[in-house]
1. Quick check on my link table: of B:LYS192/B:LYS247; B:LYS119/B:LYS292; A:LYS280/B:LYS192; B:LYS168/B:LYS264; A:LYS254/A:LYS321, which ones sit more than 25 Å apart, alpha carbon to alpha carbon?
2. Quick one: grab Rg to one decimal and Dmax as a whole number for segment B:167-249, Cα atoms only, in Å.
3. For segment B:207-312, what D do you get in µm² per second when you plug the Kirkwood radius from alpha-carbon pairs into Stokes-Einstein at 37 °C and 0.692 mPa s?
4. Given C-alpha coordinates of chain A, what is the ratio Rg to Rh with the Kirkwood estimate of Rh?
5. Convex hull over the alpha-carbon atoms of the protein assembly as shown: what's its volume per residue in Å³?
6. Using only alpha carbon pairs under 8 Å that are at least six residues apart, calculate the relative contact order of chain B and give it in whole percent.
7. Please compute the net charge surrounding A:ARG28, taking Lys and Arg as +1 and Asp and Glu as -1 over other residues with Cβ under 12 Å from its Cβ.
8. Show the residues, 5+ positions off or on another chain, whose built amide H is closer than 5 Å to the amide H of B:ALA246.
Amino acid sequence: MQAAPTSSPPESRARELLADAFAGTPGRMRLLGALAVAACVAFGGLAFLLGTNLDRALGASRAHAAQLVRIQTIRTSLVKADANATNAFLVGGLEPTDVRTGYADGIQTAAATLADASSADANDAHALQAVNEALASYAGMVEAARANNRQGFPIGAAYLRAASRLIQSDALPPLEQLVNEERSRVDSSSNAATDAQRELVALLVLVVASLVVTQVWLFAKTRRVLNPPLVAATAMVVVAGLAGLGVVAWSRGKASDARRGPYTETVALATARIDGFDAKSAESLTLIAHGSGQAYEDRFKSVSLGATRALTPAGVGQFGKPEADAREALAVYVNAHTRVRAADDRGDYDGAVRSATGTGEANRAFGGFETTSRQALALRSAQASDDLAHARSPLLAISWLMLVIGLVAAFAARRGVAQRLREYR
Amino acid sequence: MFTVLIAAATALSACDSGSSFKPKAAAPVTSTTTPAATRAPNCGDPVASFAPSGPRPAPGPMPPGSFMETIRKRGRLIAGVSADTLLFGFRNPVSGNLEGFDIDMVREVARAIFNDPDKVEYRVLTYAQRIPALRSGAVDIVADVMTINCARWAQISFSSQYFDAGQKVLVRTDSRARGIADLNGKRMCAAKGSTNIDNLKNYPKVITVGVDDISDCMVLFQQGAVDSVTGDDTVLAGFVAQDPYAKVVGPPITSEPYGLGIAKTHPEFVQFVNSVLEDVRANGTWRQWYVKWLKPTVPAPEPPPAKYGRAL
């Protein structure tokens, strides 16, 4: 840049020198040259920032989606543990090994995932701490229920009810709150792609316009048609800018596909599984309540409907086969549950309990839903994670490329203006 | 065949009641009906029920139009019971079956109708659900440590008394309290919808904690969330059997006569059940149940005598 002398004579003197430097045609040429160079540097720098910011935002989006899956895993594990604990009581006597394993597995997964989720996002740590405390009390109450149960004391059933209430009142609400927060975080970081695209277009238009204005002015003053270095600078900026735009648009498309596709399906499957386990708990509690379980049956109806709705695509989107399979398995279970209720309502309590436990029809149907939905969820959450990673994959490279090209273009622009200045003298 | 027992002492036996409620007039069994409204709040002697009339029909077809016939046609008796009152009505965690003194009582009624004690569908009720369940027809009979009193007679009918319990209080074994009066300022748990919680109104300095099921009280007690639990000595005896660090103290603050609850619309069923209870008292079955369920923990060597005289 043809900077004015900036040594330390009195202020007025400096202003005079500065005015001289930009006075007359060569001065204006210098000023315009400085603008062109600045425009190229700004392009490189700002495009780099835009690209890397978008990369970070998509990274955050993926991290929040992963955190969302973790929190849903905690919720699922808790309702799974509770479904197993209540079912064990329904069986009576010593609980079957697989039911005990299901309970222990739920508690262990919940505890481990709580630790993961707390370290993954410090914002969630406080709420997760409360869940952790509820989990500890819950496990204590279930153990008290078992200890009483093993001695043949019916007070065990009271401990079990209290434990189940604790999960519903202290553990699930903060997790539900976190899920909502993570979902809006995923959405807001995904909007970053739209913003980045718009900003890059604006930047490109401004930079190219200032380069063109420079050249038009030079043309008017010097009657030279083309200044090769300036033309080259403009061309480089245009090409790099368009390439950058293309990549950002592609990333945005991929991210939005991932969000509409596997991510939405992940959320749907996780919701369906949570509601599904909750329904299974409600079924057991209805039978444990032995004829006065209307409140639990109402809960069954509302959560099983929630699960079905979650697996039914809303609006134009269509879910894939894994979701359709899960929905079908859920329908089979809900039908079997209807027969459990019918048996209980006509006085065949033992038949109803048989169906809802062990190898009974309703219990097997629920097992089918559990397996199908678990596999579908694993598939979709891996897809969502891969797709979001894929969407951001070229962003860092193109950001650096735009930075380098911006700097090279700035150098070329400076040379072009210097050339004209020399000719003018 | 069952022998029909018509108590000779029927009509006027209410006079020797120890209850605070004295009969206004012991109406003869044959008198015409009295409007329901005149029985509340003063219902005469609360433990006086409808006397059995005539020979009880043998198991099998019941008199046409009677509620017993409705039950027989349905194929099962629907009984409201407790699932967590050890000794009276509880779900045996080992077998998964409902057992206890009250359950045996219900099975005996089923036997009298079907000649098969297993033809019972149980509905587990909280205390507060008992009267609504009878009034809505959701259950035919309630056998759930239910105290007979006038306020309840205004809403449902009762069989003759089958057990005489009293409200006491359960505390930690290291407590120095000798009764409810020593527990002012302490938290005391009772079941909502029970006479126990109503009686606590006479002890305004005790901090009352109400829960749906009295066994929830025991959870709170074992976790230190309440200092004591109040309930009938029968129910508390069941809790002490489940917790070696709990004891029952104090003289009973009330008398809680238990009866089987039946909807007001079926007096013939009350008479039928009373006739079954006559047999249970007379043929040693009551004594057998007492030994089986209650003997070591609850003192009540003899069944309370039946009292009749309530007008149909």
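1. A:LYS280/B:LYS192; B:LYS168/B:LYS264, as the Cα separations exceed 25 Å there.
2. Every Cα atom of segment B:167-249 included, Rg and Dmax give 11.0, 30 Å.
3. 198 µm²/s
4. Taking Rg over the Kirkwood Rh, I get 1.27.
5. It comes to 234 Å³ per residue, whole-number rounded.
6. In percent, rounded to a whole number, it is 27.
7. My count for the surroundings of A:ARG28 gives +3.
8. The answer is B:THR173.
Throughout, read-outs are computed from the coordinates displayed, never taken from laboratory work. Computed from a prediction, not measured in an experiment: that's the story for all the values here. A quick note on method: Cβ atoms are made from the backbone with ideal geometry, for glycine too, and the neighbour counts reach across all protein chains shown.
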